[in-house]
Amino acid sequence: MKKLLIAISAIAAAVGFTAKANADISVAGSSNAAYLSTAGNGDDEELAIGTTVDFSMSTTTSGGLGISAGLSLSTDYDSNNGSVATGGRTATFTTGGATIVVGDVEISDTIGSVGGVVNGPLDDASDLSSSVATGFLDDDGMGVELTTAMGDASLNISFVSNDRVDNHGALNSSTSGEDSAMSASITMPLGDYSFTLGVADSDSGESSSGASATASIGGGTLTVGYSNQTLIASGNASLSTAGDSEVVGATYVMSMDADTTISLGYQSAKDADSESHTQTDLSVERAMGGGATVYLDLRNLDGDTAANADGTAIAFGTSVAF
Amino acid sequence: MIKLSLTLFVIVFLQSCSKGLFDGNVQKNMEAMDKIHGVCNNPYREYSKAQRKICEDKERAAGPDGEIGDPLNISQMIRDFRSGGSSTQYKGTSMSINKNLWEASLIMLDKYPLDIVDSQGGFISTGWITEKESPNQRCLIKVNITSQELLSNGAKVKLLCEQKELDVWYQDEISYTNEEKNLTLKILDIANELSLIDKLS
């Protein structure tokens, strides 16, 4: 019997349980198809179909430095025949203590602005459109982003040197409209809670600060947040008076079983023009196995909106991850 | 702005080498934040719009348990519906499969945790098998004994393996035909030996 067991162990090894897969290039993709009952322009019924493929490349130097980059091809579901190639504008370096991204980076100018839970097709193509101004006019560009750890806390600092270009252009440009911007945020666990605090500033004259807290409550995860953003009116179609915008929001995500998730979201926002909106989200997702999911999303937007851009929009669809 | 940014970067960069002055572990913290925000919505993970879209679709497909299950088998569902339940037919309460093939399967799998052991249906499934050296890979073995006789086609072995990406398990879509064949042959070898022992005793 002993001889027999040795032979079995040899088979298990041959099966490849100990094989290591360190692919340098990986491909991932997903496809979406959704029926939308939109809110705007006469309550249109729409179909939204899109597919995305992403190529990721990575390597590790003999000194342990990880380097990665990627490119994506997609036909977006929120525009007709909108096929684009994106990405390839950043290089990511991973050391033992930090992740550094160089290239087209985005600062975190809306820390604490929470409340959205619906999936991409409804989020992108609901025809709901608030008149409330939130977020910087330009929050991305050519720069550096660094994420590191301080004990159990995580720290992120993003610096955009030139917000008019993404992967090639002048550093420290004195040209009007080519501004620099930065943000810093920290996330730290405190007991059963996790807190995120962040600030952002742009040479265009915009700044923001915000915070969010996350906790496990009642079998689900509750996140509440607050964001204050000082925005400029020049160049902002949603704003005629420079000043503060405030966003208060919350989300609650709960698992119904091993495959079903229900998410609720609420957001209230007000800007310096005294325009305000209230947005309520509901999303129910069911994993079907094999990478497929069906979902039902609902979003209601009330308050100051563009013409025919308030009300309730619904999406029913499927996404498949390959 | 630039002076402030550079100062912050220098401070953080100096501490980011190895574990840094503050003794942090960026990977561990990132995984902790993944649990709070979800992998795709972790604000400290850098994704392009396309990458985030794929990540969200994968996360959604994995569901709350984080595992992408087998796809729905419509034909199996129809068969189950027509048979009024499971399409597998059992014969009474005694073992309806070959005893030697069954014992050989148990012997072959005895070093692994077993999730399902159905002696009536002749079905064995191990739990997920992982190795310390490959924490991002796991496999399970399913054995189905289909014959009451000791026949070469009386045992079917299926090997399923998954890879972990961004904390979510995905089927690796690799065909393990040769490995399944080797495992089947090993079951037959053991069963043959057990049969000989039975005859001699």
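The values are calculated or read from the model by the stated rules, or taken from the named source; none is laboratory data. Because the structure is predicted, anything quoted here is derived from the model rather than measured. Note: ideal-geometry Cβ built from the backbone for every residue, glycine included; neighbour counts use all protein chains shown.
On the stretch given as the stretch B:126-184, residues that are buried (at least 17 other Cβ atoms within 10 Å of the Cβ) and of a type in the set (Ser, Thr, Tyr) total 5.
Scanning the stretch A:186-222 for residues that are part of a loop (DSSP other than H, G, I, E, B) and of a type in the set (S, T, N, Q) returns a single hit, A:SER204. From the list A:ALA269, A:ALA211, A:ALA250, the lone residue that is touching a residue at least 40 places away in the same chain (Cβ under 8 Å) and within 14 Å of chain B (Cβ to nearest Cβ) is A:ALA211.
Among the residues of the stretch A:140-185, those identified as outside any strand (DSSP E or B) and either under 18 Å from the mean Cα position of the chain (by Cα) or at the interface with chain B (Cβ under 7 Å from one of its Cβ atoms) (or both) are A:GLY151, A:ASP152, A:ASN172, A:SER180. Checking each residue in the stretch A:224-235 for being within 17 Å of A:GLN267 (Cβ to Cβ) and surrounded by fewer than 23 Cβ atoms within 10 Å (Cβ to Cβ) picks out A:VAL224, A:GLY225, A:TYR226, A:ASN228. Across the stretch A:290-311, what is the number of residues that are in contact with a helix residue (DSSP H, G or I) (Cβ under 9 Å, 6 or more places away or on another chain) and not in a loop (DSSP other than H, G, I, E, B)? The total comes to 8. Taken over the stretch B:95-140, the criterion of being at pLDDT 85 or above and of a type in the set (Gly, Ala, Ser) is satisfied by B:ALA104, B:SER105, B:GLY122, B:SER125, B:GLY127.
Per the listing A:SER234, A:SER227, A:SER319, the residue uniquely over 19 Å from A:SER37 (Cα atoms) and either among the basic types (Lys, Arg) or in a strand (DSSP E or B) (or both) is A:SER227.
Conditions tested, residue by residue: (1) at the interface with another protein chain (Cβ under 8 Å from one of its Cβ atoms); (2) surrounded by fewer than 19 Cβ atoms within 10 Å (Cβ to Cβ); (3) more than 19 Å from A:VAL165 (Cα to Cα).
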site: A:PHE93; (1), (2), (3): no, yes, yes
site: A:GLY97; (1), (2), (3): yes, no, yes
site: A:VAL101; (1), (2), (3): yes, no, no
site: A:ASP109; (1), (2), (3): no, no, no
site: A:PRO121; (1), (2), (3): no, no, yes
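Among the residues of the stretch B:46-69, write down those that are touching a residue at least 40 places away in the same chain (Cβ under 8 Å) and buried (at least 19 other Cβ atoms within 10 Å of the Cβ). Listed by number, the residues that qualify are B:CYS55, B:LYS58, B:GLU59, B:ALA62, B:ILE68. Checking each residue in the stretch A:137-151 for being of a type in the set (A, V, I, L, M, F, W, C), under 19 Å from B:LYS28 (Cα atoms) and either surrounded by 22 or more Cβ atoms within 10 Å (Cβ to Cβ) or in contact with a Ser or Thr (Cβ under 9 Å, 6 or more places away or on another chain) (or both) picks out A:LEU146, A:ALA149. Checked against the criterion of being within 11 Å of another protein chain (Cβ to nearest Cβ) and out of contact with any His (no Cβ under 8 Å at 6 or more places or on another chain), the candidates A:TYR226, A:TYR193 yield just one match: A:TYR193.
Among the residues of the stretch B:57-77, those that are more than 7 Å from every other protein chain (Cβ to nearest Cβ) and either closer than 18 Å to B:LYS164 by Cβ or modelled with pLDDT of 75 or more (or both) comprise B:GLU59, B:GLY66, B:GLU67.
Every residue, every condition in (1) basic (Lys, Arg); (2) surrounded by fewer than 17 Cβ atoms within 10 Å (Cβ to Cβ); (3) more than 14 Å from chain B (Cβ to nearest Cβ), yes or no:
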position: A:GLU275; (1), (2), (3): no, no, yes
position: A:ARG286; (1), (2), (3): yes, no, no
position: A:LEU301; (1), (2), (3): no, no, yes
position: A:ASP304; (1), (2), (3): no, no, yes
position: A:ALA313; (1), (2), (3): no, no, yes
position: A:VAL320; (1), (2), (3): no, no, no
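Taking A:LEU222 as the residue in question, decide whether it is touching a residue at least 40 places away in the same chain (Cβ under 8 Å) and in contact with a strand residue (DSSP E or B) (Cβ under 8 Å, 6 or more places away or on another chain). When the stated conditions are applied, A:LEU222 does not pass them.
Which residues, counting only those in the stretch A:180-209, are surrounded by 22 or more Cβ atoms within 10 Å (Cβ to Cβ) and over 20 Å from A:LEU146 (Cβ atoms)? A:SER194, A:GLU206 - these are the residues of the stretch A:180-209 that are surrounded by 22 or more Cβ atoms within 10 Å (Cβ to Cβ) and over 20 Å from A:LEU146 (Cβ atoms).
Among the numbered conditions (1) away from every other protein chain (no Cβ under 11 Å); (2) outside any strand (DSSP E or B), the only one that B:LEU185 does not meet is (1).
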